[in-house]
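Student: Below is one structure. I have some questions about it.
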Amino acid sequence: MAGGGAAPPPKQEELQPHPVKDQLPSVSYCITSPPPWPEAVILGFQHYIVMLGTSVIIPSALVPQMGGGNEEKARVIQTLLFVAGINTLCQSFFGTRLPAVMGGSYTVVAPTISIIMASRYSNETDPREKFLRTMRGIQGALIIASTIQIILGFSGLWRNVVRLLSPLSAVPLISLAGFGLYELGFPGVAKCVEIGLPEIILMLIFSQYLPHAIHVAKPVFDRFSVIFTIAIVWLYAYILTASGAYKNARTKTQIHCRVDRSGLISGAPWINVPYPFQWGAPTFDAGECFAMMMASFVALVESTGTFIAVSRYASATMIPPSVLGRGIGWQGIGTLLGAFFGTANGTAVSVENAGLLALTHVGSRRVVQISAGFMIFFSILGKFGAIFASIPLPIFAALYCIFFAYIGACGLSFLQFCNLNSFRTKFIMGFSFFMGLSVPQYFNEYTSVAGYGPVHTGARWFNDMINVPFSSKAFVAVLVAFFLDNTIQRRDTSVRRDRGYHWWDKFRSFKTDSRSEEFYSLPFNLNKFFPSV
């Protein structure tokens with residue numbers, strides 16, 4: 001006879017697998033339900049702080065190579081923020097209508113550096129003149145590159161590609177849109193580990209442990225953990241700087257650890273309104289335009305994965321292909337605006353802000369629109385914006401460790417629609433993940449050793465056209481998964497179920513699910529003039 005302490009047999013419902021959900025449950029405020037205004041404003045400010053990382057990192061890497069000083073760097077950051085604010089508003093009103101923050105794109109950095117290194121700029125002795133000439137060359141390439149996103153998005157071509165996407169082929173795309181950015185996480189933290197590591201630890205405590213240890217009426221610690229922890233660690237970094245802890249440290253350590261070495265506050269004007277062609281008329285080079293177009297296409301593919309993750313964390317239904325195409329078209333317009341204003345960068349969906357939606361459980365459209373207001377406001381009031389932009393970058397790298405992980409996990413969550421006991425599923429998923437990590441690793445290793453990519457011909461633009469896409473983990477992974485998923489036993493009825501294709505049938509057209517109207521229809525009755533199909 002069993003002892004008195006034996007566990008009771010499990011109930012029938014406990015033996016059932018977790019049910020599949022079209023919409024993510026337990027989100028506090030979904031896409032159409034905004035939080036109260038005071039809370040929405042603070043959450044919007046939090047989104048602004050989070051997107052500052054990329055907005056500072058990219059110009060800080062590019063502008064000095066272009067010949068620019070602190071003044072040029074501060075102005076490019078302000079311009080990037082200003083354009084990001086406009087693009088975020090356009091995307092939330094007329095694009096996908098998702099709470100997606102539109103920021104800078106890391107994918108565009110490689111061809112941009114290629115333009116900076118071009119021989120026609122190397123003879124320029126005046127740094128200011130070199131900066132202006134290089135910026136105009138980058139602007140010209142980006143103007144042409146934006147057309148590929150605009151054409152693919154608004155023509156319906158991208159919509160037709162996305163219709164063939166199944167949950168199985170979406171998994172590596174979304175997962176590596178997050179996990180694939182791992183080199184921006186802990187390696188960035190380690191550049192000043194005494195600041196970066198406390199930020200990670202405090203974020204874990206505030207967002208995961210304190211809400212369960214201290215019970216308050218409303219979620220405070222997890223929802224505003226970014227503001228709490230940045231304030232604490234930034235103050236700690238200031239004390240370290242003021243006490244002379246880095247007085248005799250190496251220059252690199254001082255740049256990453258000190259709060260007064262960014263040069264942004266001294267370089268930023270009090271008030272500055274960015275305007276189109278502020279650096280002069282763009283110049284065009286055919287080869288560089290081709291290279292930038294390929295980078296623009298890779299950014300488009302990566303943003304597709306992030307858009308799907310945003311729709312999930314906003315507790316919306318799967319984004320219809322026509323709406324996704326519309327969003328990509330507006331992303332192209334965003335890249336074009338950035339080229340006109342001179343941001344030296346393209347436009348993509350901010351992965352870190354998509355992760356913040358998951359951390360706060362708030363996927364409200366209004367919150368992101370408020371954050372766009374902060375971007376525009378602080379980009380015009382230069383000195384005030386520069387204060388926030390001078391937060392040490394290891395703090396942002398610590399946030400990335402959490403936010404990028406959330407996007408990676410979102411991709412894995414789509415496996416709930418697939419048959420994980422199928423060998424076909426296992427092969428496609430495993431092989432695409434492995435190649436998505438392994439191929440870019442080869443390209444990046446080769447480049448770091450040789451100083452140029454594996455494809456190294458006399459035509460620099462052709463080299464970039466091959467090296468850039470195969471250095472993107474998400475791009476390589478989805479290329480492999482999409483091809484295999486649409487060619488291996490595609491006609492088999494059971495395979496259709498195994499890959500989860502049938503789960504997204506009702507979202508392949510805008511009209512087949514009534515919830516699409518609620519989440520994705522255009523405002524001001526514009527659906528009448530621009531119908532979604």
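The values are calculated or read from the model by the stated rules, or taken from the named source; none is laboratory data. Since this is a predicted model, take the numbers as computed values, not measurements. Cβ placement follows ideal geometry from the backbone for every residue including glycine, while neighbour counts extend to all protein chains displayed. Remember, those area values only see protein heavy atoms, side chains included, never the ligands or the DNA or RNA. Shrake-Rupley method; radii C 1.70, N 1.55, O 1.52, S 1.80 Å.
Student: Could you say whether any residue in region 407-419 is under 15 Å from TYR182 (Cα atoms), open to solvent by 30 Å² or more (accessible area, probe 1.4 Å) and either touching a residue at least 60 places away in the same chain (Cβ under 8 Å) or not basic (Lys, Arg) (or both)?
Tutor: yes
Student: Have a look at TYR48, TYR29 and point out the one that is farther than 29 Å from PHE414 by Cβ, among the hydroxyl-bearing types (Ser, Thr, Tyr) and under 26 Å from the mean Cα position of the chain (by Cα). Walk me through it before giving the result.
Tutor: On the way: TYR29 fails: farther than 29 Å from PHE414 by Cβ.
Unique residue meeting the criteria: TYR48.
Student: Sort through ALA299, ALA231 and tell me the only one that's under 30 Å from PRO172 (Cβ atoms) and either of a type in the set (Ser, Thr, Tyr) or at pLDDT 90 or above (or both). Reasoning before the result, please.
Tutor: Values: ALA231 fails: under 30 Å from PRO172 (Cβ atoms).
ALA299 is the lone residue from the list that is under 30 Å from PRO172 (Cβ atoms) and either of a type in the set (Ser, Thr, Tyr) or at pLDDT 90 or above (or both).
Student: Determine whether region 380-401 contains at least one residue that is under 20 Å from SER303 (Cα atoms) and among the aromatic types (Phe, Trp, Tyr).
Tutor: Yes, region 380-401 has at least one match.
Student: Are any residues in region 209-227 assigned to a helix (DSSP H, G or I) and within 23 Å of the chain's Cα centre (by Cα), and if so, which ones?
Tutor: The answer is SER225, VAL226, ILE227.
Student: Could you tell me which numbered condition LEU176 fails, if it satisfies all but one of (1) open to solvent by 40 Å² or more (accessible area, probe 1.4 Å); (2) at pLDDT 95 or above?
Tutor: Evaluating LEU176 over (1) open to solvent by 40 Å² or more (accessible area, probe 1.4 Å); (2) at pLDDT 95 or above leaves (1) as the failure.
Student: Also, I was wondering about something else. So which residues in region 183-217 are touching a helix residue (DSSP H, G or I) at 6+ places or on another chain (Cβ under 7 Å) and of a type in the set (Ser, Thr, Tyr), if there are any at all?
Tutor: SER207
Student: While we're on this one: I'd like the residue in region 384-406 that is open to solvent by 20 Å² or more (accessible area, probe 1.4 Å) and of a type in the set (Phe, Trp, Tyr) and, out of all such residues, is nearest to PRO167 (Cα to Cα).
Tutor: TYR406
Student: Can you tell me which residue among VAL449, VAL480, VAL468, VAL455 is without any contact (Cβ under 8 Å) to a residue 40 or more places away in the chain, of a type in the set (A, V, I, L, M) and surrounded by 13 or more Cβ atoms within 10 Å (Cβ to Cβ)?
Tutor: VAL455
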